[in-house]
Structures are given as C-alpha cells and as structure tokens.
1. Here are the criteria: (1) within 16 Å of A215 (Cα to Cα); (2) out of contact with any Asp or Glu (no Cβ under 7 Å at 6 or more places or on another chain); (3) modelled with pLDDT of 95 or more. Tell me which single one V358 does not satisfy.
2. Go through the stretch 362-379 residue by residue and tally those that are over 16 Å from G339 (Cβ atoms) and either not hydrophobic (A, V, I, L, M, F, W, C) or not in a helix (DSSP H, G or I) (or both).
3. Which of the residues spanning the stretch 1-26 are at pLDDT 85 or above and either of a type in the set (A, V, I, L, M) or assigned to a loop (DSSP other than H, G, I, E, B) (or both)?
4. Of the conditions (1) farther than 24 Å from L166 by Cβ; (2) part of a helix (DSSP H, G or I); (3) touching a strand residue (DSSP E or B) at 6+ places or on another chain (Cβ under 7 Å), V388 satisfies every one except a single condition; which number is it?
5. Spot the failing condition for I316; the list is (1) farther than 23 Å from R373 by Cα; (2) of a type in the set (V, I, T); (3) buried (at least 21 other Cβ atoms within 10 Å of the Cβ), and only one is missed.
6. Identify, from the list V308, V288, V258, V325, the residue that is under 30 Å from R63 (Cβ atoms), crowded, with 24+ Cβ neighbours inside 10 Å and of a type in the set (A, V, I, L, M).
7. Quick check on V253: is it modelled with pLDDT of 95 or more, crowded, with 21+ Cβ neighbours inside 10 Å and of a type in the set (V, I, T)?
8. Quick one: which of G105, G155 is part of a loop (DSSP other than H, G, I, E, B), modelled with pLDDT of 95 or more and among the small types (G, A, S)?
Amino acid sequence: MSNLEKRPEPMTPDKTIRIGLLWHSVSSGNLGVGALTLGNIAIVRQVAQRMGLTPQFVVMSMRDGDAPELLKGEVEVFTINSKVLLTPGGYWKTVGQLDCVLDIGAGDSFAEIYGAKRFGFMWLTKMMAAARKVPLALSPQTIGPFTKSGYKQLGAIALRSSDIVLSRDEQSLAVSRALAPRARNEMSVDVAFMLPFEDRSAQRGGEKIRVGVNASGLLFHQAETGANRFGMSYDYAKFTRELLARLCARDDVEVHLVPHATSKTDPKDDDNHLADRLVKEFPSAIRVPAFDGPSQAKSYISSLDFLVAGRMHACIGAFSSGTPVVPVAYSRKFSGLFGLLEYDHILAMTDMSVDGAVAQVLSELDKRDELARDIAVGMKKVDALLDVYRDALADLFTQALAKRGIAMAA
C-alpha cells in the first residue's frame with residue numbers, strides 16, 4: 001500500500017503535509033542522487049517535527065533502477081516520462097494533489113550542460129507545478145550555467161515562478177540573482193551533508209593508512225577517448241594510474257578502490273566497471289564492492305584515513321563524516337561548494353598537470369591532520385547554511401497549509 005493510500009483520517013488533516021520531491025531518486029546508480037534524497041528527507045522531517053506535522057513524500061523522477069530501491073514502503077514513487085507530462089491524468093493531476101514541491105534538480109541538472117531534452121523536462125515540471133499554484137521551492141542545488149539566450153530566458157521564467165530558490169554555492173546564487181532578481185534567492189548548502197550513516201571512524205589510525213580512491217568512470221572514459229567534455233587540463237586516466245602506482249608501492253598504505261556511481265546500461269559512467277579494470281592492474285588494492293545505498297557508502301568512507309574522489313557526493317560523504325578528502329574538480333560546482341566552506345584542498349581542473357596532481361594528493365595525504373581540522377571548521381559553516389534552508393522550508397510549509405485554510409501557530 002502506498003503512502004498516498006495511507007493518509008490519515010480527516011479528523012487530523014492539519015497534521016499531514018504531502019510533499020513532492022521532484023528530481024530526487026530512490027534507485028539511482030549514482031549514489032549522489034540518493035544521498036540528496038535521503039539528506040533532504042532527513043531535513044524535512046526535522047522541520048516537520050518541529051512544526052507538529054507528519055510529512056508524506058512522493059518522489060518524482062525518471063525511471064532509474066540501477067540500484068536497490070531505498071525507502072521501500074515509506075514513500076510513493078512517480079515516474080516522469082513524456083507520456084505522463086502530456087496526459088492530464090499524469091503529472092498534472094499528481095502535482096495538483098500535493099501541498100508543496102521541493103525540486104532539487106538532481107543536484108546540478110537545472111543547467112544547459114546536459115542538453116535540451118533534459119533541460120526541457122526540468123523546466124516543464126517546474127512550470128506545471130507553478131501553473132497548478134502548488135508552492136514550489138528549488139532545494140539547494142547548482143543553478144546554471146546558462147550561456148545561451150534561450151536557456152537564460154527559460155531559466156529566468158522558472159526561477160521567477162518558484163516561491164523560494166536556494167543555491168548551494170555563491171556562483172549559483174549570482175546566476176539566480178542575475179536572472180530573477182525579484183525572486184526569493186537564498187544561499188544554503190548541499191543537503192547530502194545530512195545523509196544518515198553509521199560512524200566507523202574508530203577503524204582509522206591503524207598500522208596502515210587506509211586510503212580510499214574513488215576513480216570516476218565518467219572522467220576516466222573522457223580521458224581515454226580524448227573527449228575531455230569538462231575541459232580538464234590534465235589526463236585523468238594517467239593521473240589515476242600514476243596515483244595508484246605510487247600509493248600501492250608504499251608499505252604504510254592500504255589502498256581501497258571505492259565506487260560511488262554505477263550504471264547497468266552505461267559502462268562509460270560506471271565506477272564499478274572501472275574498479276574491476278583497475279584492480280587487475282593494481283592487485284594489492286582492495287576492491288570495495290558496490291554499495292546498496294548512499295548511507296552504506298558514507299559509512300564505509302567514514303572508516304578511511306583519507307579519500308581522493310572524483311564524485312562530488314563521495315567527497316561530501318567524506319567531509320561530513322570527518323574523513324580528510326581531496327576532491328578532484330571537473331566543474332565549477334566543486335570550487336563553488338568547497339570554496340564556500342573555505343576548504344582549499346581540492347585538485348583544480350585547470351592549470352594542473354598529471355605530475356602536479358599526483359604530487360598534491362600525496363602532499364595532502366601527509367598533512368591529513370590539517371585537512372581534518374579544516375573540515376571541522378567547515379562543518380560549522382554547513383550547520384549555519386542548512387539553518388537557512390530549514391527556515392525556508394518552515395515558511396513554505398506554512399504557505400502550503402494556509403492554502404488549505406490551516407494557520408500555523410507563530
């Protein structure tokens with residue numbers, strides 16, 4: 001039985017709020033999207049509990065299925081495709097039955113970089129929610145880039161149609177303010193910092209340094225084919241192999257190959273497939289099996305002494321569990337997020353060579369205690385920035401309930 005079918009009796013309608021989680025996922029092979037979903041739900045539940053509300057969730061996204069389904073029986077799942085967007089009884093009906101919508105844009109997909117089709121889905125679902133007059137918040141995410149006039153114009157319309165727009169970095173906030181200066185634009189931070197996990201930090205500090213390497217299948221494929229879609233100044237595949245060779249040659253290091261994004265249909269974007277290749281080249285490395293979900297991945301990462309990672313949410317999992325981490329930047333979202341937290345230990349995507357990148361990682365490994373101290377300072381900023389989001393959610397929920405004629409106590 002779905003959550004929508006389990007709605008409370010009409011005696012206490014004021015205690016229930018139906019929330020659409022747009023462009024979240026419960027079964028994405030990219031654990032980052034699952035981390036956003038679980039982190040956002042954790043924050044929403046905090047706010048709802050404080051307000052005396054019982055949230056019901058409808059997760060709305062395209063079909064995934066590359067990972068075991070999260071939150072089975074706890075949430076309703078609505079699959080978005082062209083048909084349901086064009087059918088009156090599809091998305092239009094479903095979104096109209098919600099009290100409010102939290103659109104997270106899969107973290108960074110409200111942008112032109114993924115092509116017209118994906119942007120079209122992102123844009124139309126926002127506009128349909130607005131047309132149904134359902135209170136709409138863009139949860140903390142990357143906004144843009146928008147460089148082409150058509151994308152800029154449509155992006156501005158969607159931003160103006162949203163009740164609240166929350167950015168997770170300063171560059172996104174600048175884009176949002178430029179396109180929609182009259183919108184309620186606020187700065188917060190990535191909700192995946194709130195992803196629940198089992199703390200395994202007690203496993204750190206053993207005889208050998210537990211070093212995790214999250215090798216990105218996406219970046220590796222780009223380097224091997226010479227495509228370089230992201231404009232990195234160095235060869236990521238050569239960097240990965242050279243780093244692993246240097247680490248595996250050390251007697252004091254235990255190397256863990258940590259996948260964080262998998263795909264059953266696209267081996268070009270599959271960390272698992274790449275880890276299988278790399279462990280054949282570096283047999284002394286520990287091949288960590290694919291995780292069932294993002295919380296399991298974060299729990300494992302919390303046991304490491306150090307991590308170098310090409311996936312954004314592997315980095316966030318490390319940072320928020322206190323594991324010293326070197327993020328491998330491939331877009332402005334890395335410098336935007338970690339710059340906001342004043343964490344300078346990232347590999348720049350430009351003006352960097354393979355030798356320079358390897359040398360920096362090894363240097364950061366040697367001063368991992370300094371990284372841990374910087375993370376502790378950064379996490380205090382995270383807490384303050386998430387409070388901005390919590391306050392915005394409280395306002396949105398109050399607005400949503402007012403539409404039902406329910407006034408919340410001040």
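The values are calculated or read from the model by the stated rules, or taken from the named source; none is laboratory data. A quick note: this is a predicted structure, and the numbers were derived from the prediction, not measured. Ideal geometry is used to build each Cβ from the backbone, glycine not excepted, and the neighbour counts take in all protein chains shown.
1. Of the numbered conditions (1) within 16 Å of A215 (Cα to Cα); (2) out of contact with any Asp or Glu (no Cβ under 7 Å at 6 or more places or on another chain); (3) modelled with pLDDT of 95 or more, the odd one out for V358 is (2).
2. Keep residues of the stretch 362-379 that are over 16 Å from G339 (Cβ atoms), which gives 362-370, 372-373, 376.
This time we only want the ones that are either not hydrophobic (A, V, I, L, M, F, W, C) or not in a helix (DSSP H, G or I) (or both), so: 363-364, 366-370, 373.
Qualifying residue count, the stretch 362-379: 8.
3. Within the stretch 1-26, I17, I19, L21, L22, W23, H24, S25, V26 qualify.
4. Among (1) farther than 24 Å from L166 by Cβ; (2) part of a helix (DSSP H, G or I); (3) touching a strand residue (DSSP E or B) at 6+ places or on another chain (Cβ under 7 Å), V388 violates only (1).
5. Result: I316 fails condition (1) only.
6. The conditions single out V258.
7. Values: modelled with pLDDT of 95 or more: yes; crowded, with 21+ Cβ neighbours inside 10 Å: no; of a type in the set (V, I, T): yes.
Against the criterion (modelled with pLDDT of 95 or more, crowded, with 21+ Cβ neighbours inside 10 Å and of a type in the set (V, I, T)), V253 does not qualify.
8. G105
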